[in-house]
Amino acid sequence: PGSLGDSILSKVENFVDVKSIKLSGSLNEGDYSTIQNRLSQLREIDMTNVTMVTLPNKFFYQRSLLEIVRLPAQLTTIGEYAFYKCSAIKDIEFPTTLTTIHRYGFSECNNLRKVILPEGLNSIGDYAFHSCGNNQYIKLPSTLKTISPYAFCYNSNLRTIDFSEGLTHINNDAFKECKKLDNLKFP
């Protein structure tokens, strides 16, 4: 922890030269700052082997070049605005340990094509996948009982949603302006 910046600079001259990175072990606040503020040209990050249970709020906030993200294998929580306006991300695989996605977690990820949420997820915050314009498919886990307000609104190309048997409540405007939605099967 705390050595990420020095480790990177031992291999490249400038932080902006880093396009892809694979991390492992533990990270501290200094490492978070390096990822958030210095690796501005990052296109791919593999955090599978990072010891992390919570992805901090605004961790990849407005990272429009970020295309490929491999989340920590032990991750349970994705913070508010964590991937807000990460417009280059097309697909993301969620770890099986994930239980919570906070509000605006993936809002305005315009190129996200599908959202397959893992069993064990029990909370999706308001606007979590708001305005994901190219999202065509959503699969919800049986552990999700409630869909929050505006969770998937303005997914203008959304066509199919797989609801699971555990779902009991869909809040207001959860799928507002999903005009191409043509395949629904409720539990």
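The values are calculated or read from the model by the stated rules, or taken from the named source; none is laboratory data. Everything quoted here is computed from the prediction, not taken from an experiment. Reconstructed Cβ throughout: ideal geometry from the backbone, glycine too, with neighbour counts over all protein chains shown. Accessible surface is based on the protein model in full, side chains and every heavy atom, while ligands, DNA and RNA are left aside. Shrake-Rupley method; radii C 1.70, N 1.55, O 1.52, S 1.80 Å.
Atom-type composition of the exposed protein surface of the stretch 4-129 places 43 percent of the accessible area on carbon and sulfur (1.4 angstrom probe).
Expressed in Å, the radius of gyration and Dmax of the Cα atoms of the stretch 73-124 are 10.5, 27. Highest mean first, the peptides 122-134, 24-36 sorted by other C-beta atoms within 10 Å per residue fall in the order 122-134, 24-36. As a rough guide to protection, the peptides 152-163, 64-75, 9-20 ranked by mean Cβ packing within 10 Å, highest first, stand as 152-163, 64-75, 9-20. Sorting 100-111, 175-186 by average packing, meaning the other beta carbons within 10 Å per residue, from highest down gives 100-111, 175-186. 3J(HN,Hα) along the stretch 174-187, derived from phi through the Karplus expression 6.51 cos²θ - 1.76 cosθ + 1.60 where θ = phi - 60°, amounts to 4, 10, 4, 6, 8, 6, 9, 4, 9, 9, 10, 9, 7, x Hz, with x in place of Gly and Pro. A simple count of charges around Val115, restricted to other residues whose Cβ falls under 12 Å of its Cβ and scoring Lys, Arg +1 and Asp, Glu -1, yields +1.
Close amide H pairs (under 5 Å, H built 1.01 Å from N) link Gln136 with Lys114, residues at least 5 positions away or on another chain. Size descriptor for the stretch 1-111, Kirkwood hydrodynamic radius: 13.9 Å (Cα pairs only, one decimal). Each distinct pair of alpha carbons in the stretch 96-174 adds a 1/r term; the inverse of their mean, the Kirkwood radius, is 12.1 Å. Near Ile89, the amide H atoms lying under 5 Å from its own belong to Asn111; only residues 5 or more places off or on other chains count, and H is placed 1.01 Å from N.
Accessible area per residue for the stretch 1-149, computed on protein heavy atoms with a 1.4 Å probe, is 45 Å². Based on alpha carbons, the Rg and Dmax found for the chain are 16.9, 55 Å.
Once both labels are positioned 7 Å from their Cα atoms along Cα-to-Cβ, the gap between Asn28 and Ile170 label points is 4.8 nm.
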